[in-house]
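J.: Handing you this structure, nothing more for now.
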Amino acid sequence: MKKKRYAIFLFYSILFSGNLFSEGLPPFGLKEEKAKELFKTGLVYFHNRNYTAAKENFLKSLSIKEDFNLSRKFLSDSYFLNGEWNESLNELEILEGKNTKSPYIKNRADVMRQILGGSTGKGKRTFYKSISGDSFRGFRFRNPTDALVDEDGNLYVLSFETQNIIKFNPDGVPIGNFKGGIGRSFEGPLYFTIFKKKLFVSDFVSDRINILSDAGDFLFRFGSTGKTPGKFHGPAGISISPKGEVYVCDSGNSRIQKFSLEGNFLQEFGLAGKSKLSNPVGILYKDQDHIYVVDKASKKIIIFDDEGNFVSEISHKNMKKPRSVKVHNNRLYIADELNGLMIYSPDSGKWSKVSSFMDETGKYRKLDRPFSSAYDYTGSLYAVDYARHRIDIFSPKNLLLSNLNIFIEKIETSRFPDVSVFLTVKNKSGLDITKIHKNSFRIFENDNQVPLPGLTNLNKFNDNLSVSLVFENSKKLSEHSDRLESFLGPMLRKFSKNDKLEVIRSGQDSTKVYEFGYSMHDIFARIRKSAPENEINLGKGMYFGLSDLIPELGPRCLILLVSGESLPNAFNQFGIRKNVQFAKAHSIPIFVLSLGADNQMSSIYKEIADSTGGLYLKVPGSAEERNLYEIIKTHIDKRYILSFKSVINPDLTGKYIDLRVDVNYRNTIGKSEGGYFVP
């Protein structure tokens, strides 16, 4: 299996090596020079993200020189980035017919057919690889008990015997070995969690909770041995609510204790009645009505609310020695030392499990004593095997076997020879692949590799929130103008000087009534002063709002404020599909705030929100509206910005340069082509 996977990778590496598609500029006849000028103008518009103007110029170029394949390639890219995916595929299929040997065009067309055909599910997981505790000198771990993946894609492994945490970067390279602090070393760490870049570690042997930074620096600890509130006898599972309440399984005292982030005791529960615990070892806070507690002695999962009240319980006849519980895609992953990793769907009531699997050599292996599990944003599952001293990783099959879908969004040459390339990396399911290390990228100009490209850290921009608020300028919505503060106020009051919001009035036409800023008073005033109109063209307002967001760095979202009333012509000019595809091409979620009752428009708005990764909220009164600011800011900017110093002679002004980007991630590869004219 390992040889087969290597052979596949080698085949595609050879197949995709060198120039994939672009032949540079073709020769132009006397009557075709205008096609070159139109192409050059279109490329300027493309890199300025004006895809409508770019399309017009590429189309005019092709009307003069129909076999101008490079212009057709950029026309396809413009269609895609403008939300016109069927048209993008049409141009790719024309190129397929003309250039059937191009793997780049074939892969791009296959991706488009898969997306448009709706076959974008992650698929079943398959074994990817194992990380052994003895694999890396200086980063050894034995008897791992827990694992987690942070928002940057780093994997942390907690181990009992070696009393340490090993931190791996997203490429699987160990970058940290944490053991606590001087004089405060771990004695028997059992479980941990992460909250706002701080690791909270339960130490079963020392009866303490240790808090470290995600770089391994010791910060503080709390707890001691005993039975009174705030003391422990074998702390085990630990979980933290979004509000910062720390829940700890006090296994030896048969209770759950609740603390503040500073370690101040707040509450204890699970001591009596139907919720009485015997030996709680694992815990997970899902939401205020679902705190899952693993009771090893009674072989059950007991569910509490956030005040410690009993809600229900889950059990199974094959549950023998449960250790921990995690939730992913609304499924419970219960690590049972004797029965493998048990998976339960509360929606269907069905159970499944992972207890053995085929490894890369084709041999079947067993999960010997699974203590815990973890997962990451790609859908990959990490099984923690205590007895085998390893982490087994299972990834979605199409993530391992499909090529990456890379799109060059912009090439910035205003400071030539310094060049910046803005691009997105997705898998064939349309999922953004983030946290790829800079060493995984290679850039080529005219087939010559660029030395040492840099990768901008976009984390510094993820405090900069950009919102485009598009409101329905109708009489019905104006009747609710006095309620704006009740549902928009909680979000706007949290805006900092780094955040900004624009307001677009959507009536018969679309007008920007407030430029990007953050004055709540001015925002509400502009909405209230708008004279209602009878004709509402929401689609056009959405398109303009999305266009304004594309150049912004950091979290971005479009908020659509609607009355909920029927609007038969709302999407006649700019359709729902075009706007949804436009938003998805740039990973911009759409949040719909509706003031009306459920009706036919509600299903349309829900489809828009769900398809783009946003939310549909009925306001005021929705539970999420109080935390809308925090929810939106979780949609971090997932683009990559590569920078390099061009080796092209700056005297070659006006010469077209082919540019190619190669990416290798988890043995899958992707390549994209673009280009620019030397300024």
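The numbers here are math on the coordinates, done by the rules we state, and not lab data. The structure displayed is predicted, hence computed values, not measured ones. Cβ coordinates were reconstructed from backbone atoms using ideal geometry, including for glycine residues, and neighbour counts include every protein chain displayed.
J.: Please compute the contact order of region 568-679 in relative form: average sequence separation of alpha-carbon pairs under 8 Å and at least six residues apart, divided by the residue count, as a percent. Walk me through the intermediate numbers first.
T.: Working: 100 pairs, mean separation 19.5, N = 112.
That works out to 17 percent.
J.: Also, quick follow-up: How large is Rg over Rh for the chain, taking Rg from the Cα atoms and Rh as the Kirkwood inverse mean of 1/r across Cα pairs? Intermediate values should be presented prior to the final figure.
T.: On the way: Rg = 27.6 Å, Rh = 27.6 Å.
My calculation of the ratio gives 1.00.
J.: A further question follows. Could you order peptides 48-56, 491-499 by the average number of other Cβ atoms within 10 Å of their residues, highest first? Show your work: numbers first, answer last.
T.: Working: 48-56: 17.9, 491-499: 15.6.
Peptide ranking by packing, descending: 48-56, 491-499.
J.: In debye, nearest 20, what is the charge dipole magnitude of the chain about its Cα centre with +1 on Lys and Arg Cβ and -1 on Asp and Glu Cβ, if you could check? Don't jump to the answer; show the numbers that get you there.
T.: Values: 96 positive and 78 negative charges, 419 e Å.
Using only the charged Cβ atoms, the result is roughly 2020 debye.
J.: What fraction of the Cα pairs in region 125-399, stated in percent, has a spacing above 24 angstrom?
T.: Working: 16896 of 37675 pairs.
Taking all Cα-Cα pairs of region 125-399, the fraction more than 24 Å apart is 45 percent.
J.: How high is the relative contact order of the chain, in percent, counting Cα pairs under 8 Å that sit 6 or more residues apart? Intermediate results must be reported in sequence, preceding the final value.
T.: On the way: 1560 pairs, mean separation 78.5, N = 679.
12 percent.
J.: Let me ask something else. Testing the spin-label approximation: label points 7 Å from Cα along Cα→Cβ at Ser414 and Glu32. State their distance in nm.
T.: Simple spin-label model gives 3.4 nm for this pair.
J.: Less than 12 Å Cβ to Cβ from Ile64, Lys/Arg counted +1 and Asp/Glu -1: what total charge do the surrounding residues give? It would help to have the intermediate numbers written out before the result.
T.: Numbers: positive: Lys31, Lys34, Lys36, Lys60, Lys65; negative: Glu32, Glu33, Glu37, Glu66, Asp67.
Net of charged neighbours comes to 0.
J.: Under 15 Å between alpha carbons, and skipping anything fewer than 8 positions from Lys428 in its own chain: which aspartates and glutamates qualify?
T.: Asp110
J.: Within a Cβ distance under 11 Å of Ser602, other residues only, what is the Lys/Arg minus Asp/Glu net charge? Write down the numbers at each step before the final one.
T.: Values: positive: Lys606, Lys618; negative: Glu565, Asp598, Glu607.
Net charge around Ser602: -1.
J.: So, one more: For region 460-513, what class follows from the C-alpha gyration tensor (a ≥ b ≥ c being the square roots of its eigenvalues): rounded when a/c is under 1.5, otherwise prolate if a/b is larger than b/c, else oblate? Don't skip to the answer; put the middle values down first.
T.: Details: a/c = 4.09, a/b = 1.56, b/c = 2.62.
Cα axes put region 460-513 in the oblate bin.
J.: Also, I was wondering about something else. Less than 19 Å from a label point 7 Å out along the Cα-to-Cβ axis of Ile182: which backbone N atoms in region 190-217 qualify, by residue?
T.: 211-213, 215-217
J.: Right, next: Under 20 Å from a label point 7 Å along Cα→Cβ of Glu161: give me every residue in region 175-191 with its amide N that close.
T.: In region 175-191, the label zone of Glu161 (backbone N under 20 Å from the point 7 Å along Cα→Cβ) covers 177-180, 186-191.
J.: Follow-up question, since we're still on this one. With 30 Å as the limit, write out which pairs from Lys286/Lys435; Lys243/Lys274; Lys179/Lys638 have Cα-Cα distances beyond it, or answer none.
T.: Working: Lys286/Lys435 25 Å; Lys243/Lys274 27 Å; Lys179/Lys638 32 Å.
Exceeds cut-off: Lys179/Lys638.
J.: Continuing with this model, one more query. Mind ranking 595-603, 339-347 by how tightly packed they are, going by the mean number of other C-beta atoms within 10 angstrom, highest first? Before the final figure, lay out the partial values.
T.: On the way: 595-603: 14.2, 339-347: 17.4.
Per-residue Cβ counts within 10 Å, averaged per peptide and sorted highest first, yield 339-347, 595-603.
J.: Give the calculated FRET efficiency between Ser486 and Lys243 to the nearest 0.05, with a Förster radius of 25 Å applied to their Cβ-Cβ distance.
T.: Working from the Cβ atoms, E equals 0.70.
J.: While we're on this one: If you wrap a convex hull around the alpha carbons of region 463-633, what volume per residue comes out, as a whole number of Å³?
T.: Working: hull volume 16.6 nm³, N = 171.
Hull volume normalised by residue count: 97 Å³.
J.: What net charge do the residues around Asp77 carry, taking every other residue with its C-beta under 13 Å from that of Asp77, with Lys and Arg at +1 and Asp and Glu at -1?
T.: On the way: positive: Arg49, Lys55, Arg72, Lys73, Arg108, Lys410; negative: Glu84, Glu87, Glu91, Glu409, Glu673.
Result for the neighbourhood of Asp77: +1.
J.: A follow-up question, please. Once fully extended, how much extra length lies between Lys321 and Gln267, figured as 0.36 nm per residue of separation less the alpha-carbon to alpha-carbon distance? Intermediate results must be reported in sequence, preceding the final value.
T.: Working: separation 54, 0.36 × 54 = 19.44 nm, distance 2.74 nm.
That pair, Lys321 and Gln267, stretches by 16.7 nm at full extension.
J.: Expressed as a rounded percentage, what relative contact order does region 463-633 have, with Cα pairs under 8 Å and six or more residues apart? Please list the in-between numbers first.
T.: Numbers: 345 pairs, mean separation 45.6, N = 171.
Normalised by residue count, the contact order of region 463-633 is 27 percent.
J.: What's the ranking of 284-297, 29-42 by average number of surrounding C-beta atoms within 10 Å, highest first?
T.: Result, highest mean first: 284-297, 29-42.
J.: As a test, work out the antiparallel percent of DSSP beta bridges whose residues both lie in the chain, rounded to the nearest 5. Could you put the intermediate results ahead of the total?
T.: Values: 134 of 156 bridges.
Around 85 percent of the beta bridges assigned by DSSP in the chain are antiparallel ones.
J.: Counting pairwise Cα distances across region 555-594, what percent come out greater than 12 angstrom?
T.: Details: 507 of 780 pairs.
So the portion of pairs separated by more than 12 Å is 65 percent.
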